[in-house]
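Take a look at the structure below.
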Amino acid sequence: MNSSKNLKMFLIRNAVPIVFILVSAAAIPFSQFSADYLIQEMLVRLSRNSFLVLSLLVPIMAGMGLNFGMVLGAMAGQIGLIFVSDWNVVGLHGLVLAAIIATPLAIVFGWICGVVLNKARGREMVTSYILGFFMNGVYQLVVLYGFGAVVPISSPKLLLSRGYGIRNTLNLDTLRRCLDDLVRCEIAGIQIPLATFAVIGVFCLFILWFRRTKLGQDMRATGQDMAVAESAGIPVLHTRVISIVISTVLASYGQIIFLQNVGTLNTYNSHEQAGVFAIASLLVGGASVSRASILNVFVGVILFHLMFVVSPMAGKYLTGDAQIGEFFRVFVSYGIISLALVLHAWRRHADREAARAHFRGQNSDKEAK
Amino acid sequence: MQRVKKFIENVGWPRILIALFLLSLFVIAPFVGVRLDASINDTLVRFGMNGVLVLAMVPMVQSGCGLNFGLPLGIIAGLLGAVTSVELEVTGLAGVLTAMLIATPIAVFLGWCYGLLLNKVKGSEMMIATYVGFSSVAFMCIMWLALPYSSPNMVWGYAGRGLRTTISVEAFWQNAISRFASFRINEFLAVPTGMFIVFLLLCGAMSLFMRTRTGTAMTIVGSNPEYARASGVNIDKMRTLSVILSTWLGAIGIIMYEQSFGFIQLYMGPFYMAFPAVAAILIGGASVKKAGIVNVIVGTILFQGILTMTPSVINSMIQTDMSEVIRIIVSNGMILYALTRATKGRS
């Protein structure tokens, strides 16, 4: 009885990843991809996306939910990359320089985001989401009209033909895969980007260490209950801002790693996609709005991107129409976020109702006696 | 001075700034070679097109469900109605009415399901509404391809199936409502009276409804749920009703939009359509918890006015099209302002 109850709890907790595994398992044979191809593809995507997804962990720890404001960090990373390609700093130096430029920008963005979210306590997610849109407008204003006009850009190759504003797509050939190919490693014909994984590994260690620090503990206390944390002398609002700043800075590095792998920067789109895909991946990995671990990140990235690679082809062979598969994966990425959000809110609502019923039940018991 | 201060406090700085901005655009317009009458014409048309979509925000805000970011759900019901009416080849006013008639049961059903869902997630309605909207749009992308529509006016020519991304309704019911009793002032300026009549009728009906027993109960549920519970109002039922109303207005709103615009936009078309409507009602002075008909009308005029005026005026001034960026910043800035304000008022 107890074990069946445990099993049930396990199934409920991990409903999302289980559904994903089943769907992918059913779709893989239809997609007609070879195992080698899929493994290679998953490794590439794991190295490409993990860092971005990991950047979401800190705000969840601080009880601020999914940080849709991570797109702000992605923007900072992109601005860094734009400067580096303008100054023509190549290879790893360029990458590090981009990160150095992005850091102060990301700190400022993160601070803005944190302050705004402190004003919208209880609806952080929707606010950070809209903030992402808002800053997207500001980013466009600066990059599309400011760069080349106010901010000096020397290379005409980056600019639109009218003389100012950055082109829609930038070729990052000089930076392409420079981190991935730093340490070459090939096993059975499958390339493994060791250096990137090393960076991701260091980051995981950082998170593990961070949880044990005073600041990390403060964040967890804040996440549990703001009022209690406040009375325990933790500067709650300040801690929340710091958690968002850390997340934003890490997201900017994540975006730089992502783009060095992809090799082209869609100046006005790359950051928008970063947010949706990272959040969907994390949720697919079994994380919830209030609880996420490093394991969730890796499981999520693999499962989400497996579906991402497989579904268009599977859809094509199943229905004879490639577009249906394409739309299907868009649907899944949004659907999975809705499902996870609904499950979380539902559980929280049910808990509250149960607490209320319990409270009432006790009262009526007393009256009966 | 005191009165001025009070006025500013009541109206709010962002609104005043936006109104002044719009006013200055209208003042500058003639000097940079933009025809004022043509601009007013565009503003009027856009006002009529978008009014009902903005009105759709009111019931859910009033019942405490927050801003309806899930408006695409209602829009989808409207699209289904519109597409079906084109498939049936009904033209003129009858075509629009057919579209609305078909859309209504779909909207009521979808709204009912959506309302039940939102009742389960009290407190995080807005975030979930956003994603419900997104996922339903993405789901319908598949359905537009798969549904068995076959009118050659709508499906892809070479495949013979799957609806096109934009479908023209010119041959069926473009301006069927707008044309009603419309009159022309000069070559550039015409008034789409029919659209205004329908919009104002709906506004009137909404304001009457809010005064009825049910409407008052709905407002109480939004402003003070505990009090509502104590006075025996069924909270969940009221909320569901408000969501159904919102969704239905969304469906009617998009049909109004299409009959004036002349095209049905499918696939990712409705994806971001909730945001302009949300921004408009907030610019009109609504908050996350309170919205009225005046907010709808003022907000739609201001927001659509800016959308019409910025491209033409700013374009002629600095030879650059910044309207898209300005639109993004103004609309999302307004939503952000409202979201951060509400907590302040509460605590």
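The values are calculated or read from the model by the stated rules, or taken from the named source; none is laboratory data. Not measured: the values here are computed from a predicted model. Cβ sites come from the backbone with ideal geometry, for glycine too, and all protein chains shown count toward neighbours.
Things worth noting here:
- Only one of the numbered conditions (1) buried (at least 22 other Cβ atoms within 10 Å of the Cβ); (2) in a loop (DSSP other than H, G, I, E, B) is violated by B:P148, and that is (1).
- Residues that are crowded, with 19+ Cβ neighbours inside 10 Å and not hydrophobic (A, V, I, L, M, F, W, C) were ranked within the range B:302-332; the one that is nearest to the chain's Cα centre (by Cα) is B:Q304.
- Qualifying positions in the range A:330-358 - at the interface with chain B (Cβ under 7 Å from one of its Cβ atoms), under 18 Å from A:G275 (Cβ atoms) and either more than 26 Å from the chain's Cα centre (by Cα) or not hydroxyl-bearing (S, T, Y) (or both): A:V330, A:F331, A:G335, A:I337, A:L341
- Across the range A:290-329, the number of residues qualifying as part of a helix (DSSP H, G or I), more than 24 Å from A:S34 (Cα to Cα) and within 14 Å of another protein chain (Cβ to nearest Cβ) comes to 0.
- Any hit, the range B:261-271, residues being over 11 Å from the mean Cα position of the chain (by Cα), more than 27 Å from B:G95 (Cβ to Cβ), assigned to a loop (DSSP other than H, G, I, E, B) and touching a residue at least 60 places away in the same chain (Cβ under 8 Å): no
- Condition check for B:Y114: touching a helix residue (DSSP H, G or I) at 6+ places or on another chain (Cβ under 6 Å), closer than 21 Å to B:P270 by Cα and either buried (at least 24 other Cβ atoms within 10 Å of the Cβ) or at the interface with chain A (Cβ under 7 Å from one of its Cβ atoms) (or both): yes
- If you check B:V288, B:V298 for being closer than 24 Å to B:T340 by Cβ, of a type outside the set (S, T, Y) and either at pLDDT 85 or above or in contact with a strand residue (DSSP E or B) (Cβ under 8 Å, 6 or more places away or on another chain) (or both), only one passes: B:V298.
- Members of the range B:223-236 that are surrounded by 13 or more Cβ atoms within 10 Å (Cβ to Cβ) and assigned to a helix (DSSP H, G or I): B:S223, B:P225, B:A228, B:R229, B:I235, B:D236
- In the range B:185-222, the qualifying residues are those that are more than 19 Å from B:T240 (Cβ to Cβ), among the β-branched types (V, I, T) and surrounded by fewer than 19 Cβ atoms within 10 Å (Cβ to Cβ), and the one that is modelled with the highest pLDDT is B:I197.
- Among helices (runs of 4 or more DSSP H) entirely within the range A:8-80, having at least 2 residues that are in contact with a strand residue (DSSP E or B) (Cβ under 8 Å, 6 or more places away or on another chain), touching a residue at least 12 places away in the same chain (Cβ under 8 Å) and over 30 Å from A:V249 (Cβ atoms) singles out A:35-54.
- In the range A:123-170, residue farthest from the other protein chains (Cβ to nearest Cβ) [restricted to those that are exposed (fewer than 15 other Cβ atoms within 10 Å of the Cβ) and within 24 Å of the chain's Cα centre (by Cα)]: A:T169
- Some residue of the range A:95-108 being without any contact (Cβ under 8 Å) to a residue 24 or more places away in the chain and in contact with a helix residue (DSSP H, G or I) (Cβ under 6 Å, 6 or more places away or on another chain): yes
- Qualifying position, being charged (D, E, K, R), out of contact with any Asp or Glu (no Cβ under 8 Å at 6 or more places or on another chain) and without any contact (Cβ under 8 Å) to a residue 12 or more places away in the chain, among A:R291, A:R212, A:R220, A:R240: A:R212
- B:I142 being aliphatic (A, V, I, L, M), within 14 Å of chain A (Cβ to nearest Cβ) and part of a helix (DSSP H, G or I): yes
Yes/no matrix, rows are residues, columns are (1) among the charged types (D, E, K, R); (2) touching a strand residue (DSSP E or B) at 6+ places or on another chain (Cβ under 6 Å):
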residue	(1), (2)
A:M135	no, no
A:Q140	no, no
A:G148	no, yes
A:V151	no, no
A:S154	no, no
A:D180	yes, no
A:R184	yes, no
A:A195	no, no
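- Flag for B:T130 being under 18 Å from the mean Cα position of the chain (by Cα), β-branched (V, I, T) and farther than 23 Å from B:F199 by Cβ: yes
- Checking each residue in the range A:19-38 for being loosely packed, with under 14 Cβ neighbours inside 10 Å and either β-branched (V, I, T) or over 22 Å from A:I192 (Cα atoms) (or both) picks out A:L22, A:A25, A:A26, A:P29, A:Q32.
- Boolean, A:G114 is touching a helix residue (DSSP H, G or I) at 6+ places or on another chain (Cβ under 7 Å), within 14 Å of chain B (Cβ to nearest Cβ), part of a helix (DSSP H, G or I) and without any contact (Cβ under 8 Å) to a residue 24 or more places away in the chain: no
- Qualifying residue in the range B:157-164 (condition: in contact with an Asp or Glu (Cβ under 8 Å, 6 or more places away or on another chain), within 14 Å of another protein chain (Cβ to nearest Cβ) and either of a type outside the set (A, V, I, L, M) or buried (at least 19 other Cβ atoms within 10 Å of the Cβ) (or both)): yes
- Evaluation of B:V52 against the conditions (1) outside any helix (DSSP H, G or I); (2) closer than 14 Å to B:A277 by Cα shows that the sole unmet condition is (1).
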